[in-house]
Every structure is written in C-alpha cells, then in structure tokens.
Amino acid sequence: MNDVRVLVVDDDFMVARIHSGYVSRVPGFEVVAVAHGGADALAAVAELRPDLVLLDIYLPDMSGLEVLKSLNDVDVLMISAARDVATVREAMRGGAVNYLIKPFTAAALAERLRQYAETRRRLTAIGPQARQDDVDRLFGAPKQAAPMPKGLSRATCALVAEALRDAGGDLSAAEAAELTGLSRVSARRYLEHLCASGRAELHPRYGTAGRPEHRYRWLG
C-alpha cells in the first residue's frame, strides 16, 4: 500500500513545522504540503488530493470547523487547543476521524496515525461488500459472546479456535479434527459455534461435482 499523503494545516509556522516532523517520522506517512490558513488549506486539498488533513481549528481567515464542513473525499484529523465539548462534538458531526488536543507529543500523534492506517488497511481488505462483523470491527463495536451450546466445553472450543487461528487460512472440519484429536462431528460443532459467535466464517468450496466442501476461516 502506498504511503498516506498528509496535509498539515496550522496558523503557527513553527508548530506546523514541528507537526510535519512528527508525521514524517511515522513509517507509511509523508507530508505533501503545509498550509497556514483555511483558504490555503482548501486550495491545497483541491490541488494535491491528500489522503489525510491534520487540521487546526484556530486559523486566521476562517475556523477549521468551517474548513472541515467544506472538505469532501478526504479524511481529517483535528488538532486543536480547544477542549470544550461543543467543539469536539461539532468536529465529530463534521466527520473528523479523530481529535487530538494540543499540546501533544510525537508519540500521541503517531498512535493516532497508526490507528488511522490500520482502519484504511481493514477497509481495503474487506473488498467491495462488507458484512456486519466487518463493520463492527471497524467501529469498535463489542462482540457479544454466543452462549456455549449444550455438550460443548469452553476449553475444547479454545483448542479448536487456536487450531483455526494458527492455520493461516481455512480448514475443513476433517482437518480441524485431525489437528485437535476430536471427531469430525465434534470439530464441526465447535467450528459452527465459532461462526455463530462471529469469530470465524464459513466458506463453501465448490469442486467439479457433488456438494460443496465447507471450509472455515478465523476472523478473530
């Protein structure tokens, strides 16, 4: 994947330079330009088409929140000394992917940038259509554990989950049974439970004839 192209927007020339240095030290990110006002920021986005804008709120010609509302097809990470909840709420409503309060350390910004890069990676990996569990992982929704069916044990379920996770691809019930020492029927029941709980998914594999083979893949 190509580097994330970043536009840094801050009215303070020295602060903009410092923040640009922070960004440049994070692998996978590059600063493509720096702007010191709202109009300059909008012009730079239109010309350079960055992936991400680090946007200050207090700009000399307009509020960064106004700039945020005017931007399309670009992600925005707000950086500001503003701590009031109303401002944070407005940034969220405007579509900001994150909000970092000044002053902050290089490590704090790097953490947010890595989170952003991971979200981009997950979106790319999903493909053109998302399942609900894909969306839940992107938005950080907590998983609800499916109740353990009668006759299954959590210890054995953990064993099957470990085998599926370590496989690095997909497994059939027969392959999972061989890895865990279970019968194929028991292995299939545990695999089906993992699918029901959102930790695995079923992939039918179609051969030249007959019924498709059920393959199971770990989701985490």
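The values are calculated or read from the model by the stated rules, or taken from the named source; none is laboratory data. Every value quoted in this text rests on a predicted model; they were computed, and no experiment measured them. Positions of Cβ are backbone-derived with ideal geometry, glycine not excepted, and every protein chain shown enters the neighbour counts.
You will find that of D75, D61, the residue that is in the same structural domain as R112 (by TED's automatic domain parsing), touching a helix residue (DSSP H, G or I) at 6+ places or on another chain (Cβ under 9 Å) and within 15 Å of V4 (Cβ to Cβ) is D75 and no other. From the list V26, V6, V45, the one residue that fits, being crowded, with 18+ Cβ neighbours inside 10 Å and in contact with a strand residue (DSSP E or B) (Cβ under 6 Å, 6 or more places away or on another chain), is V6. Filtered by the rule that a residue be over 10 Å from the mean Cα position of the chain (by Cα), β-branched (V, I, T) and loosely packed, with under 13 Cβ neighbours inside 10 Å, region 97-130 gives a lone residue, T105. Taken over region 165-198, the residue count meeting the criterion of being free of Cβ contacts under 8 Å to residues at least 40 places away in the same chain and within 30 Å of the chain's Cα centre (by Cα) is 7.
Restricting to region 55-73, and then to whatever is surrounded by fewer than 16 Cβ atoms within 10 Å (Cβ to Cβ) and under 21 Å from the mean Cα position of the chain (by Cα), can you tell me which residue is nearest to L42 (Cα to Cα)?
Looking only at region 55-73, we keep the residues that are surrounded by fewer than 16 Cβ atoms within 10 Å (Cβ to Cβ), and these are 58, 60-62, 66, 69-70, 72-73.
Adding the requirement that they be under 21 Å from the mean Cα position of the chain (by Cα) leaves 72-73.
On the way: N72: 10, D73: 12 Å.
Per the stated criteria, the residue is N72.
Just one of (1) in contact (Cβ under 8 Å) with a residue 12 or more places away in the chain; (2) loosely packed, with under 12 Cβ neighbours inside 10 Å trips up T156, so point out which. Only one criterion is unmet by T156, namely (2).
With the structure loaded, tell me whether V34 is within 17 Å of Y116 (Cα to Cα) and buried (at least 16 other Cβ atoms within 10 Å of the Cβ) or whether it fails that test. It is false that V34 is within 17 Å of Y116 (Cα to Cα) and buried (at least 16 other Cβ atoms within 10 Å of the Cβ).
When A106, A117, A96, A33 are screened for being under 30 Å from L202 (Cα atoms), among the small types (G, A, S) and either in the same structural domain as D11 (by TED's automatic domain parsing) or touching a Ser or Thr at 6+ places or on another chain (Cβ under 8 Å) (or both), only A117 passes. Note on region 160-207: residues that are more than 19 Å from R137 (Cα to Cα) and not in a helix (DSSP H, G or I) total 13. Looking across region 24-35, the residues that are within 17 Å of R49 (Cβ to Cβ) and among the aliphatic types (A, V, I, L, M) come down to V31, V32, A33, V34, A35. Can you work out which of the residues in region 1-54 that are of a type in the set (D, E) and more than 20 Å from T105 (Cβ to Cβ) is modelled with the lowest pLDDT? Once the filter is applied, the top-ranked residue is D3.
The criterion of being under 22 Å from the mean Cα position of the chain (by Cα) and in contact (Cβ under 8 Å) with a residue 40 or more places away in the chain holds for V8.
Comparison of V31, V15, V9 shows that the only residue that is among the β-branched types (V, I, T) and under 18 Å from R120 (Cβ atoms) is V31. Checking the conditions here, which among A16, A86 is closer than 25 Å to F139 by Cα, part of a helix (DSSP H, G or I) and over 24 Å from the mean Cα position of the chain (by Cα)? From the options A16, A86, the qualifying one is A86.
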